[in-house]
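Engineer: Have a look at the structure that comes next, please.
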Amino acid sequence: MLFDANREVLVQQTCDDIDSYITDLEKQIVSGDTANDLTSVNILMQKQQVIQTQMAVKARQVEEIDKQTEYLQKTVPEEKIEPIVVKKTAVLERFEKIKAPLLERQKALEKKKEAFQFCRDVEDEKLWIDEKLPVANSPDYGNSLFNVHVLKKKNQSLATEIDNHEPRINAICNNGRKLIDEGHEDAKKFEALISDLTQKWQELKDAIENRRKHLLESEKVQQYFFDAQEAESWMSEQELYMMVEDRGKDEISAQNLMKKHENLEQSVEDYANTIRQLGEVARQFSGDDISSGDAVAVKQSQLDKLYAGLKDLAGERRARLNEALQLFMLSREVDDLEQWITDREVVAGSQELGQDFDHVTLLSERFNEFARDTEAVGGERVAKVNGIADNLIQAGHSDSATIAEWKDNLNESWQDLLELIETRTQMLAASRELHKFFHDCKDVLGRILEKQHGVSDELGRDAGSVSTLQRKHYNFLQDLITLYSQVQQIQEESAKLQDAYAGDKAKEITNREQEVLHAWDNLQAMCDARKQKLADTGDLFRFFNMVRILMIWMEDLVRQMNTSEKPRDVSGVELLMNNHQSLKAEIDTREDNFGACISLGKELLTRNHYASADIKDRLMTLSNSRNALLRRWEERWENLQLI
């Protein structure tokens, strides 16, 4: 082929091309450009990268020459191939030899780039630090609390920025130390750059920390002055309230003034914590040797004096209001209590004793409540007024004689009222006892009749409803326990009253008692009958449920036997026979259920149950279904055996 004919020429041309390329490359290496800064290094490294790419291409060409030469050695006469082999060998040797200088040049350029990059990074970081230092060294620490807070936030933001930037500084210094450790010719220069950078970096960090401390001190001072100014304003406002001369024109106005003053006084008392806290802060400033310590001490002294004066004013105001309020209160208490006693005497003097038990009970309850309320409230109020009067007299009140007269008149009226209450209480008790028995008889009889009407005829629609009705009936019987105790109470009261009364009253007491006892006996008989009827109904539904469950079960078994698959082989027949035997086992396990169901049905028939006809039908149906089930099983079993 044409290619085979030109193969020798192509190999020689390729060798010449590579040889020429190596010659040019050697000249570049010998006369190699030098880099004086980071930019020139980057340009040279780009050129070096181009050479590396070209070398990769030439390497593939060298491999191809080697392959082609081997081929020619097999196909071309030795005298023709000898010059080609010699040339190829020389080219390969030159190609391998040029790799080492290229690698050394690559490493040299990388070292130069690292050095120039390190110097550039150091200068950039110095500029960055110089930009931040004026802010960190600012002497402005704020002249108000708000201003200090703003400056603190700015300083914190700067500190955060520096913390985030520190890894960059450390990385640059590590790069420089790496160059020094590798024995770079500018190692001393790099050491100086690292030292200068770390020194400036530490200077910046120290400045930030120093500013943070100064701002914190300034914040404490400004916070104190802010709080102190608020305290002065508050106390000045309270002084205006304390110096008011109004003591009120009556008890209500005096009380309102006293309540208002008590709230103010409590506020003043509570404000002691604020003053004390400010004092503690002020003492800390004095001990910390802060420049504003003297101003703080003066301000705290002013606050202490202002607070002490405020407390004195509060005490004087309370004394004036209390003196006026005592007299207003006593006058009102005496007048109100005298009117209250007069109103109570009207009720206590009534002669109404009631027309029947409800009436007399209502009167008694109301009057007993009236008496308890009167004695409790009145006794407390009288004692309170007496105590106030005694205290004012002992304190040397200017109206002691009038106060003593008010006290004597009040106590006399109170004793008269208590005597009226005792007399009316005894009269109402005698009237109530006579009417109570007749009322109780009527009430108990009514409840018995109500219970008789409450005995239900409903027997339920199923076992659940019967169970519900039985629980209701049980609860109904439990309710009768309380009623029975009331019947016994009627008997006891009747015996007691018959001893106290004679004639028509005694006869009426006996008649009422017998009427109640007769109604109670009738109710007991109704309850017993209801209980038995529910029990019979519950057993009936239980029997029906047992029959239903067994019928469903038998229908399911018959359906299983009727729908079984036809066997395809001997193993299938054996499987069906095993399954059929398991059905027989299940039938046998149900024998107790059948026995229990049939026994229950027969027991109900023995008791002459009201549903005996239905029970007989169910027993017959159950027996027939069971026999049919057994027959079907035998038929199926015989069929399987035949198969």
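Here, each number is a calculation from the coordinates, and none is a lab measurement. Being a predicted model, the structure only gives us computed values, none of them experimental. Positions of Cβ are generated from backbone atoms using ideal geometry, with glycine treated the same way; all protein chains shown enter the neighbour counts.
Engineer: I'd like the distance between the alpha-carbon centres of segment 170-199 and segment 520-569, rounded to an integer number of Å.
Structural biologist: If we compute the Cα centre of each part, the gap is 102 Å.
Engineer: Per DSSP H run of n ≥ 4, the term is -39500 (n - 2.57); total these for the chain, divide by its residue number, and report the mean residue ellipticity at 222 nm rounded to 500 deg cm²/dmol. Could you put the intermediate results ahead of the total?
Structural biologist: On the way: 15 runs with 568 residues, N = 643.
Helix-only estimate at 222 nm: -32500 deg cm²/dmol.
Engineer: Let me ask you something else. What pairs in Lys442/Lys472; Lys132/Lys178; Lys451/Lys472; Lys99/Lys188; Lys472/Lys533; Lys47/Lys97 have C-alpha atoms more than 24 Å from each other? Mind showing how you got there, number by number?
Structural biologist: On the way: Lys442/Lys472 26 Å; Lys132/Lys178 28 Å; Lys451/Lys472 13 Å; Lys99/Lys188 33 Å; Lys472/Lys533 14 Å; Lys47/Lys97 20 Å.
Violating the 24 Å Cα-Cα cut-off are Lys442/Lys472; Lys132/Lys178; Lys99/Lys188.
Engineer: Would you work out which of Leu410, Gly454, Phe437 lies farthest towards the positive end of the dipole of segment 404-527? Charges go on Cβ: Lys and Arg +1, Asp and Glu -1.
Structural biologist: Positive-end residue among those listed: Gly454.
Engineer: Right, another one. Mind pulling the per residue volume of the convex hull built on the Cα atoms of segment 270-396? Å³ is fine. Walk me through the numbers before you get to the answer.
Structural biologist: Details: hull volume 20.9 nm³, N = 127.
For segment 270-396, the hull spanned by Cα atoms encloses 165 Å³ per residue.
Engineer: Also: If I model the chain as equal point scatterers sitting on the Cα atoms and use the Debye formula, what is log10 I(q)/I(0) at q = 0.12 Å⁻¹?
Structural biologist: -1.30
Engineer: Hey, rough spin-label estimate for Glu323 and Tyr610, points 7 angstrom out along Cα→Cβ, what's it come to in nanometres?
Structural biologist: 9.4 nm
Engineer: Roughly how many nanometres apart are two label points built 7 Å out from the Cα toward the Cβ at Thr563 and Ala376?
Structural biologist: Placing both labels 7 Å beyond Cα along the Cβ direction yields 7.7 nm.
Engineer: Okay, next question. Considering the dipole of the chain built from charges on the beta carbon (Lys and Arg +1, Asp and Glu -1) around the Cα centre, which of Thr563, Ala207, Thr89 is farthest to its positive end?
Structural biologist: Ranked along the dipole, the leading option is Thr89.
Engineer: Sticking with this one: Length gain on complete extension for the stretch Ser582 to Val9, per 0.36 nm per residue less the alpha carbon to alpha carbon distance?
Structural biologist: Values: separation 573, 0.36 × 573 = 206.28 nm, distance 9.84 nm.
The Ser582-Val9 span can extend by a further 196.4 nm.
Engineer: Name the residue farthest towards the positive end of the dipole of segment 447-537 from the options Gly503, Thr468, Ile481, assuming +1 on Cβ of Lys and Arg, -1 on Cβ of Asp and Glu, about the Cα centre.
Structural biologist: It is Thr468.
Engineer: Take the alpha-carbon positions of segment 421-544, form their convex hull, and give its projected area averaged over all directions (one quarter of the hull surface) in nm². Write down the numbers at each step before the final one.
Structural biologist: Numbers: hull surface 38.2 nm².
For the Cα atoms of segment 421-544, the hull's average projected area reads 9.6 nm².
Engineer: So what's the net charge close to Trp637: Lys and Arg +1, Asp and Glu -1, counting the other residues with Cβ under 11 Å from its Cβ? Before the final figure, lay out the partial values.
Structural biologist: Working: positive: Lys584, Arg631, Arg632, Arg636; negative: Glu634, Glu635, Glu638.
In short, +1.
Engineer: What helices in the chain pass both tests, a Cα length along the helix axis of 30 Å or more and a mean Kyte hydropathy of -1.0 or higher, using whole DSSP H runs? Write out the running numbers ahead of the final one.
Structural biologist: Details: long enough: 2-30 (41 Å, -0.20); 38-75 (55 Å, -0.56); 78-136 (86 Å, -0.63); 145-181 (52 Å, -0.61); 187-242 (82 Å, -0.95); 293-348 (78 Å, -0.34); 357-394 (53 Å, -0.26); 400-454 (74 Å, -0.60); 463-500 (55 Å, -0.54); 504-562 (88 Å, -0.50); 612-642 (45 Å, -0.97).
Helices meeting the span and hydropathy rule in the chain are 2-30, 38-75, 78-136, 145-181, 187-242, 293-348, 357-394, 400-454, 463-500, 504-562, 612-642.
Engineer: Here's something else I'd like to know. Rounded to the nearest 0.05, what FRET efficiency do Leu575 and Asn475 have when you use their Cβ-Cβ distance and R0 = 56 Å? Before the final figure, lay out the partial values.
Structural biologist: Values: r = 57 Å, r/R0 = 1.02.
After rounding, the FRET efficiency stands at 0.50.
Engineer: Taking 8 Å as the Cα distance limit and 6 or more residues as the minimum spacing, I'd like the relative contact order of the chain as a percentage. Before the final figure, lay out the partial values.
Structural biologist: Numbers: 397 pairs, mean separation 53.9, N = 643.
Relative contact order, the chain: 8 percent.
Engineer: Give the aspartates and glutamates whose C-alpha is closer than 18 Å to that of Lys311, dropping any in the same chain fewer than 8 places away, or say none.
Structural biologist: Hits, sequence-local ones excluded: Glu230, Glu232, Glu237, Glu239, Glu245, Glu262, Glu265, Glu269, Asp270.
Engineer: Which order do the peptides 302-311, 431-440 come out in when sorted by mean C-beta neighbours inside 10 angstrom, highest first?
Structural biologist: Values: 302-311: 15.7, 431-440: 17.2.
Top of the packing list down: 431-440, 302-311.
Engineer: Starting from the 7 Å offset along Cα-to-Cβ, what nm value, one decimal, do you get for the label separation of Ala383 and Gln61?
Structural biologist: 12.7 nm
Engineer: Here's a follow-up. Among all the lysines, which ones have a C-alpha under 25 Å from Lys305's C-alpha, if same-chain residues fewer than 8 places away are not counted?
Structural biologist: Within reach: Lys220, Lys260.
Engineer: Sorted from largest down, give the three principal axis spans of the alpha carbons of segment 349-446, whole angstrom values.
Structural biologist: Result for segment 349-446: principal-axis Cα extents of 69, 21, 13 Å.
Engineer: Which number do you get for Rg(Cα) / (2.2 N^0.38 Å) in segment 539-642?
Structural biologist: Details: Rg = 16.8 Å, N = 104, 2.2 N^0.38 = 12.8 Å.
After normalising by residue count via 2.2 N^0.38 Å, the value is 1.31.
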